[in-house]
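Okay, structure first, notes after.
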Amino acid sequence: MIKTGLLAVLQSLLCLSALGSPVTSAASAPTVDLGYAQYQGAVDTTTNTTSFLGIRYASPPIDDLRWAAPQPPPTLSGVQQATEQPNECYQAPTGNASTNPFITSSIGKRAVSESEDCLFLNVYTPGDTVTDAASGGLPVVVWIHGGGYIAGAASSFNGADLIMDSDHGVIVVLIQYRLGLFGFLSGEAVKESGALNAGLLDQNYALQWVQSQISTFGGDPSKVTIWGESAGAGSVLQHLVAHGGNTQPPLFRAAMTSSTFLPSQYNYNDRIPELLYSEVVAGTECGSSSDTLSCLRTADVNTLQTLNYNLNLAGYFGTFVFVPVVDGTFIVERPTVTITKGRLNGEMLLSVTNAHEGNIFVDQSITTDISDYVSTVFPDVQPWQAALATPLYRGLGTNVEQANYAMGESIFVCPTYYLLEAFGGKAWKGEFAIPPALHGNDVAYYFTSNGPAYDNSEFITAFSNGFMATAMSMNPNDKYNSSDITPAWNSWAVGHTEMMFNETEAGAPNVYAYSTDDALLERCLYWLSLSAYTAQ
């Protein structure tokens, strides 16, 4: 079943964990002083890198800080051993319902538990020493994990992989942020007495931490690149449009998105966010309280996690319930509005999509025609608007194949092209097509610890070089690795140029430039015209 495939991808993204490697003794590992705490890392002699795991960048978001903006971390005495992976934020599943619960509502029953105290990050540095960079320093890659804003963790990725991809030319920071109900509960009550988009505010706070602390690790805060995959790439999009595209002071210079994720992003007090808030209140017996948010802050965390799990599971197949909203402060308007104005944070963009982004988010047994499918995924789209999809997708195969394209293009592919258009000559586009080229298949080709399916060193070097060159020099054409086979890579503004990363039938790397399909861009214009109704 396709559900098994979706779970397999999500689980693989959660299992790209750092494998056990030889480390030095604690006595010889470097220590950093962050002012509020000292952390001693661990040296990996195999990769020639040093890791600092579980650095606390904010106070635990518990009690009165539940659904509040992140606050400074507490002062810790003594030297903290930064050698163990941190707590993960509470996790939840993707939607599995055959109908959209926001058309007809239902919720199931099942509970899982993780930890609410999860605002940590991991730092990886090249070499076995750490030198404070008072000026200058190495470029920095900040990785934001994906998982639909409901799952994922820093421990799922080995930052040493990116350091080796860059020939030990970058410092890597892997951040965690509140997820699901804990990170993205919305509604008027949260606006009045809490913080909307708490998960995004966590990310923003981590980026501020990087600005103030990364020089201690030898990094240059003026050379920060933010990068993410899936909801991590969607998070990058959110930071590009944050504060109307004018975050001051700037927190990064370059942005990289792998499968840009832009699901429906409603106003914080729209019908669906308020419905979700009401479900949470009812599920905690806080309905009779005169201050429901205060009541929720005192609710048992296991009760909240049960609701988090059940509400997400009850979502329509392949969709996600708790996601960012338009809050009027951090995200001031629908993202596509800011993007089409060309007002974005950051100086350049590199974006990569996969050839079959939508497939794992579509029930492969459905027979629904494309107009009905569009109406189901996007409840506010009018029937006549959904019908306009029919001539655009008619030639793309069976009903389920059309749905695969529609899901992938509406939520992942087309938002990428909106960003490319906005960045103009400062944007580059790539396409990952190694079969089956499903959503998430590309991750193992830069985080290589788990072993990519197509284990070809030439291909892996070519694919990862563009990302690392962008982070180091803001130019994907820079070949710091002489074995990179990628040809000259024009910006997308030059003839809608993209770089294809594929293999031949004989199994050889097949990397070449081509132009974006005009029919795809026409379909993206269709989705852009509906953005007020798809809430994007």
Next item on the list: Inspect the stretch 155-173 for any residue being surrounded by 24 or more Cβ atoms within 10 Å (Cβ to Cβ), under 18 Å from N308 (Cα atoms) and among the hydroxyl-bearing types (S, T, Y) and give the result as yes or no.
Entry: no
Notebook entry, point to check: Of these, V352, V323, V377, V332, which one is crowded, with 21+ Cβ neighbours inside 10 Å, closer than 30 Å to D63 by Cβ and β-branched (V, I, T)?
Noted result: V323
Check: Among D517, D484, D478, which is under 13 Å from L350 (Cβ atoms) and of a type in the set (D, E)?
Finding: D478
Notebook entry, point to check: Quick one: I411 ticks every box in (1) within 20 Å of S235 (Cβ to Cβ); (2) in contact with a strand residue (DSSP E or B) (Cβ under 9 Å, 6 or more places away or on another chain); (3) of a type outside the set (G, A, S) bar one, so which box is it?
Noted result: (2)
Next item on the list: Please name all residue pairs, on different chains or six or more residues apart, with Cβ atoms under 6 Å, provided the first residue is in the stretch 336-353 and is of a type in the set (D, E, K, R) and the second residue is part of a loop (DSSP other than H, G, I, E, B).
Entry: E347/R253
Note to self: Of the residues P476, P436, only one is surrounded by fewer than 22 Cβ atoms within 10 Å (Cβ to Cβ), in contact (Cβ under 8 Å) with a residue 60 or more places away in the chain and over 20 Å from the mean Cα position of the chain (by Cα); which?
What the structure shows: P436
Note to self: Where the second residue is charged (D, E, K, R) and the first is assigned to a helix (DSSP H, G or I) and lies in the stretch 452-466, which pairs have Cβ atoms under 8 Å and are six or more apart or on separate chains?
What the structure shows: F459/E503; T461/D484; A462/D484; F463/D442; S464/D165; N465/D165; N465/K479; N465/D484
Next item on the list: Test each condition in (1) more than 30 Å from V400 (Cα to Cα); (2) among the hydrophobic types (A, V, I, L, M, F, W, C); (3) touching a residue at least 60 places away in the same chain (Cβ under 8 Å) for L313 and report the one that comes out false.
Entry: (1)
Next item on the list: Look through A493, A519 and report the one residue that is part of a helix (DSSP H, G or I), at pLDDT 95 or above and touching a Gly at 6+ places or on another chain (Cβ under 9 Å).
Entry: A519
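The values are calculated or read from the model by the stated rules, or taken from the named source; none is laboratory data. Since this is a predicted model, take the numbers as computed values, not measurements. Quick reminder, even Gly has a Cβ in these numbers, built from the backbone with ideal geometry, and neighbours come from all protein chains shown.
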